[in-house]
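Chemist: Dropping a structure here in structure tokens format, bear with me for questions.
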Amino acid sequence: MTRISVRAPRAEAVSLCVFDGESETRVPMARQGDDWVAQAPPPGARYGLRAWGEWAPERGLWFDPAKLLVDPRAVELDRPFAYSPALSAYGVDTAPLVPRAVMPATLPEVPLQPPVFRRGGLVYETNVRGLTMLHPDVPEPQRGTVAALAHPAVLAHLEKLHVSAVELMPITAWIDERHLPPLGLSNAWGYNPVVPMALDPRLCPGGVAELRETVAALHARGIGVILDLVFNHTGESDIFGPVLSFRGLDNTAYAQEPDGQLINDTGCGNTLDFARPAMRTLVIESLRHFVQHCGVDGFRFDLATVMARGPGFAADAPIFAEIAADPWLADRVMIAEPWDIGPGGYQLGQFPAHWLEWNDRYRDDVRRFWRGDAGIGLLATRIAGSSDIFGNDCRAVNYLAAHDGFTLADTLAYEHRHNHANGEDNRDGHGENFSWNNGAEGPSDDPAVLARRAALARAMLGTLFVSSGTIMLTAGDEFGRSQQGNNNAYAQDNPVTWIDWRNRDRALEDHVAALAAWRAEQDLSQFPQNGEWRALDGSAMDAARWENPLTPGFTWQANGEAARPTGLEIDRAAPWAGPREG
């Protein structure tokens, strides 16, 4: 007999709710310690849960049998989440509003193989929906889905850029933040999940099989797949948020003050509690699921410091050892976004030695150098692996721009954010972007402005591709994608975030492809040690030149004919950065 089990330690009773159309059959579950169990419905059945107990949100208790709840271990849903105020109203039946979990059949296992991706490669960060919604070669029914990543036109583009792995922004099921629907907006990024394993039907209508087949197609071209997962909070938000899953079953999943008030180290209203073994177990199961049944190469963790809180950050937090000890996860690529907004939340360089970390210091310092307010000494440190942060172990994921913030093109065209379309009076998003508009705010017809922007874009991309460590390019930055100055476009599920393939800058794209082809022949996982730094005129660098903010650039040249790369050159006076032969 197959059983279904759900954790609800403070519930007074729990029922398994099986649906035949809209007809609901409730089956009482039996308590076993902190869990409740029942015979599982047959594969393909739609089901949910209801829990009885005390309703006292001010003390962190949200038991309401009127709320249909999604199984935290669901792997498939029959529809997406849609926000409604009724989801947080006590006593209002939400069965018409909440997705049903679909009971899975036995899922096939993907043979465990070493990750396709290796350190030093190129990670291509992409919003699955935005990547292909406007792609002219992808059939309309397939646009915006995981399956579209396996379309020959998309694969050809990834191969042209020598992409080592695609990093998919969240594809697990999410719900809109409650302030968005009244504004006519919706979440375009997916960083507001409800349960950790269920794929969103809008992005992956074919469920686990669609993801598995897409991963296989990418692997066949030598391209790995990294999933961006959100384990720091859930879309149930603050005490006024919806009751959808964890909240109505197990309020101990959330980090709380002694009086039951939710801790908000994420800025999203709640914080998952990794000090609790049950939470860590569910995360391990989720990671294993995506490796075991889909074959993914690794994971990027949003606000990853939360995973090591208990409540303070600990570099030896249990989750790290548990991941390392799991046979399905030990060799996977693990990438941390090493910060959150809680106390002591910035922890760049503090994750385990086998983890990679997003290096926002690289982004900021490279921007500052090309803007003209940082010197070459700091730039050289970033290019050579940020030893001031990571020591001699180059674990950095270096990037010029990411989904969060200005695109590369907008970094060179806007000095200020232009987020009015988000409905928050332009208060949201980063205030300091180390950006500059090169003479005109936004679009310009001035040839001098356009030429300056084009030269700087090439120089910054050249800097990225000669840098040691892993590098990341956000989809569309290779051909000048703009978000019209919006540096927080999470709520723009429209052409602001949809990539415009027809009007892309093909000359810039070809330039990036050439850089990528060069890098693909190098091993830049660590910076080569057998070379020397020189001034642009060929003379030796000295401390005065390194420290002089007006020094325009430098070269690095390998020693020995067999050494690779042969060299690199940076020149701020006539914007250029890239490999240097001879």
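Chemist: If a/c stays under 1.5 just call it rounded; otherwise compare a/b with b/c (prolate if a/b is bigger, oblate if not). Do that for the range 154-258, with a ≥ b ≥ c from the square roots of the Cα gyration tensor eigenvalues.
Modeler: Prolate, because a/c is 1.5 or more and a/b exceeds b/c.
Chemist: Got a sec? How would Asp250, Asp446 order by Cβ neighbour count within 10 Å, fewest to most?
Modeler: Listing Asp250, Asp446 from fewest to most nearby Cβ atoms yields Asp446, Asp250.
Chemist: Then there's this: Starting with the fewest neighbours, write out Leu568, Leu450 ranked by other beta-carbon atoms found within 10 Å of each beta-carbon.
Modeler: With the sparsest Cβ surroundings first, the list reads Leu450, Leu568.
Chemist: What's the longest piece of the chain with no exposed chymotrypsin sites (Phe, Trp or Tyr not before Pro), counting a site as exposed if DSSP puts it in a loop and it has at most 15 other beta carbons within 10 Å?
Modeler: 241-582
Chemist: Could you give each residue of the range 380-387 its phi-based ³J(HN,Hα) in whole Hz, using Karplus coefficients 6.51, -1.76, 1.60 with θ = phi - 60°, and x for Gly or Pro?
Modeler: Here the 3J(HN,Hα) series is 4, 4, 5, 4, 8, x, 6, 5 Hz.
Chemist: If eta is 1.002 mPa s and T is 20 °C, what Stokes-Einstein diffusion coefficient results for the range 232-313, Kirkwood Rh from Cα pairs, in µm²/s?
Modeler: Calculated translational D: 159 µm²/s.
Chemist: What is the Cα convex hull volume of the range 531-579 when expressed per residue in Å³?
Modeler: In the range 531-579, the Cα hull volume divided by residue count equals 70 Å³.
Chemist: If you don't mind, another one. Starting at the first residue of the range 430-444, write each ³J(HN,Hα) from the Karplus equation 6.51 cos²θ - 1.76 cosθ + 1.60 with θ = phi - 60°, in whole Hz, x for Gly and Pro.
Modeler: After applying 6.51 cos²θ - 1.76 cosθ + 1.60, I find 5, x, 10, 10, 6, 9, 7, 9, 6, x, 7, 7, x, x, 8 Hz.
Chemist: Using the crude model of +1 on Lys and Arg Cβ and -1 on Asp and Glu Cβ, and no other charge, please compute the dipole size for the range 249-356 relative to its Cα centre, in debye to 20.
Modeler: 180 debye
Chemist: Can you find, among Tyr83, Leu158, Val128, the residue farthest towards the positive end of the dipole of the range 83-167? Put +1 on the C-beta of Lys and Arg, -1 on that of Asp and Glu.
Modeler: Leu158
Chemist: Could I ask something else about it? Rounded to the nearest 500, what is the chain's calculated 222 nm mean residue ellipticity when only DSSP H runs of at least 4 contribute -39500 (n - 2.57) each, over all residues?
Modeler: Per the formula, -6000 deg cm²/dmol.
Chemist: Also, I was wondering about something else. Dipole magnitude of the chain about its Cα centre, charges +1 at Lys/Arg Cβ and -1 at Asp/Glu Cβ only, in debye to the nearest 20?
Modeler: Dipole about the Cα centre, nearest 20: 680 debye.
Chemist: Same structure, new question: What trypsin sites (Lys or Arg not before Pro) in the range 179-227 are in a loop by DSSP, with at most 16 other Cβ atoms within 10 Å of the Cβ?
Modeler: Filter output for the range 179-227: Arg221.
Chemist: Further question: Rank Leu203, Tyr362, Gly385 by how far each Cα sits towards the positive end of the charge dipole of the chain (+1 on Lys, Arg Cβ; -1 on Asp, Glu Cβ) and give me just the farthest.
Modeler: Leu203
Chemist: What share of the DSSP beta bridges in the chain is antiparallel, in percent to the nearest 5?
Modeler: 65 percent
Chemist: A further question follows. Among Asp393, Asp316, which comes first, then next, by fewest other beta-carbon atoms within 10 Å?
Modeler: Arranged by neighbour count, lowest to highest, Asp393, Asp316 become Asp316, Asp393.
Chemist: Additional query: Normalised by the empirical 2.2 N^0.38 Å for globular proteins, what value does the Cα Rg of the range 355-449 take?
Modeler: Taking N as the residue count of the range 355-449, the ratio is 1.23.
Chemist: Continuing with this model, one more query. Along the positive direction of the dipole of the range 531-579 (beta-carbon charges: Lys, Arg +1; Asp, Glu -1; about the Cα centre), which of Ala577, Trp546, Gln557 reaches farthest?
Modeler: Ala577
Chemist: Here is a follow-up. Quick check on the range 116-180: take the gyration tensor over C-alpha atoms, sort the square-rooted eigenvalues as a ≥ b ≥ c, and tell me if it's rounded (a/c under 1.5), prolate or oblate.
Modeler: Since a/c reaches 1.5 but b/c is at least a/b, the shape of the range 116-180 is classed as oblate.
Chemist: Over all pairs of distinct alpha carbons, what does the Kirkwood formula give as the hydrodynamic radius of the range 415-523, in Å?
Modeler: Taking every pair of different Cα atoms in the range 415-523, averaging 1/r and inverting gives 15.6 Å.
Chemist: Taking Cα atoms of the chain, Rg/Rh with Kirkwood Rh, to two decimals?
Modeler: Computed over Cα atoms, the ratio is 0.99.
Chemist: Something else: Of all GluC sites (Glu not before Pro) in the range 492-563, which ones are in loop regions per DSSP and have a Cβ with at most 14 other Cβ atoms within 10 Å?
Modeler: Glu521, Glu561
Chemist: Find how many whole Å separate the alpha carbon centroid of the range 2-25 from the alpha carbon centroid of the range 165-196.
Modeler: Answer, in whole Å: 26.
Chemist: Normalised by the residues of the chain, what does the relative contact order come to in percent, with Cα pairs under 8 Å and at least six apart?
Modeler: Here the relative contact order equals 13 percent.
Chemist: While we're looking at this one, here's another question. Report the relative contact order of the range 531-579, percent, no decimals, based on alpha-carbon pairs under 8 angstrom and at least 6 residues apart.
Modeler: 32 percent
Chemist: What's the magnitude of the charge dipole for the range 531-579 around its Cα centre, counting Lys and Arg as +1 and Asp and Glu as -1 at the beta-carbon? Answer in Debye, nearest 20.
Modeler: That gives the range 531-579 a dipole magnitude of about 100 debye.
Chemist: Turning to a different aspect of this structure: Which of the three applies to the range 1-143, rounded, prolate or oblate, going by the alpha-carbon gyration tensor with a ≥ b ≥ c and a/c under 1.5 meaning rounded?
Modeler: prolate
Any read-out appearing in this document is the output of simple, stated calculations on the displayed coordinates, not a laboratory observation. Just so it is clear, the structure is predicted and the values come from calculations on it, not from any experiment. Glycine also receives a Cβ, built like all others from the backbone with ideal geometry; neighbour counts cover every protein chain displayed.
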